[in-house]
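Asks: One structure, as structure tokens, below. Some questions next.
What follows draws every value from the coordinates through simple rules; no lab data is involved. Just so you know, these numbers come straight off a predicted model, no measurement behind them. We place every Cβ from the backbone using ideal geometry, glycine too, and count neighbours over all the protein chains shown.
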Amino acid sequence: MAKKETVKFYGTGRRKNAIARVWVMPGKGNIVVNDKDVETYFCKKTLTMIVRQPLELTENLDKYDVIATVKGGGISGQAGAVRHGIARALVAADAELRPALKAAGFMTRDPRMKERRKYGLKKARKASQFSKR
């Protein structure tokens, strides 16, 4: 007997230096990030809320299961990357959700990055203290 294959929808999310690979499939609303439950991976309530935002906006919280793998960046950037990936995967699943997600700003990649360090300075803009003599 052949295995029944479920339909998976894929979305890539990025934020700062974090990259998330997200698969959305029909299910009961389980969200798994790097083989851990979303509450255990993202300890803060605000970060779990950020991850759930696209599903709550489109009222699909109990209709889809989410599996995400995240690399790079910090915990906050990873949460933003997962949110971006979920939004893209939901649009792949149902194109009619795109206007609502775009209006909320979940489809746009946040371009803000850490500025590179310049030579002669201590950090990107911090210089050593000026002294006349």
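Asks: For region 85-133, which residues satisfy the criterion of being over 14 Å from the mean Cα position of the chain (by Cα) and among the aromatic types (Phe, Trp, Tyr)?
Replies: Hits for region 85-133 are TYR119, PHE130.
Asks: Residue under question is LYS123, and the condition is that it be basic (Lys, Arg) and in contact with a strand residue (DSSP E or B) (Cβ under 6 Å, 6 or more places away or on another chain); does it hold?
Replies: no
Asks: Among the numbered criteria (1) under 16 Å from PHE9 (Cα atoms); (2) surrounded by fewer than 16 Cβ atoms within 10 Å (Cβ to Cβ), which one does ARG133 miss?
Replies: Unmet for ARG133, out of (1) under 16 Å from PHE9 (Cα atoms); (2) surrounded by fewer than 16 Cβ atoms within 10 Å (Cβ to Cβ): (1).
Asks: Quick check on region 35-51: of everything there that is within 13 Å of ILE67 (Cα to Cα) and not hydroxyl-bearing (Ser, Thr, Tyr), which residue is surrounded by the most Cβ atoms within 10 Å (Cβ to Cβ)?
Replies: Restricting to residues being within 13 Å of ILE67 (Cα to Cα) and not hydroxyl-bearing (Ser, Thr, Tyr), the top hit is VAL51.
Asks: Tell me, please, whether a residue that is surrounded by 10 or more Cβ atoms within 10 Å (Cβ to Cβ) and of a type in the set (Phe, Trp, Tyr) can be found in region 117-124.
Replies: Among the residues of region 117-124, not one is surrounded by 10 or more Cβ atoms within 10 Å (Cβ to Cβ) and of a type in the set (Phe, Trp, Tyr), which makes the answer no.
Asks: Condition first: touching a helix residue (DSSP H, G or I) at 6+ places or on another chain (Cβ under 6 Å) and farther than 24 Å from LEU47 by Cβ. Can you find one or more residues in region 102-124 that meet it?
Replies: No, region 102-124 contains no residue that is touching a helix residue (DSSP H, G or I) at 6+ places or on another chain (Cβ under 6 Å) and farther than 24 Å from LEU47 by Cβ.
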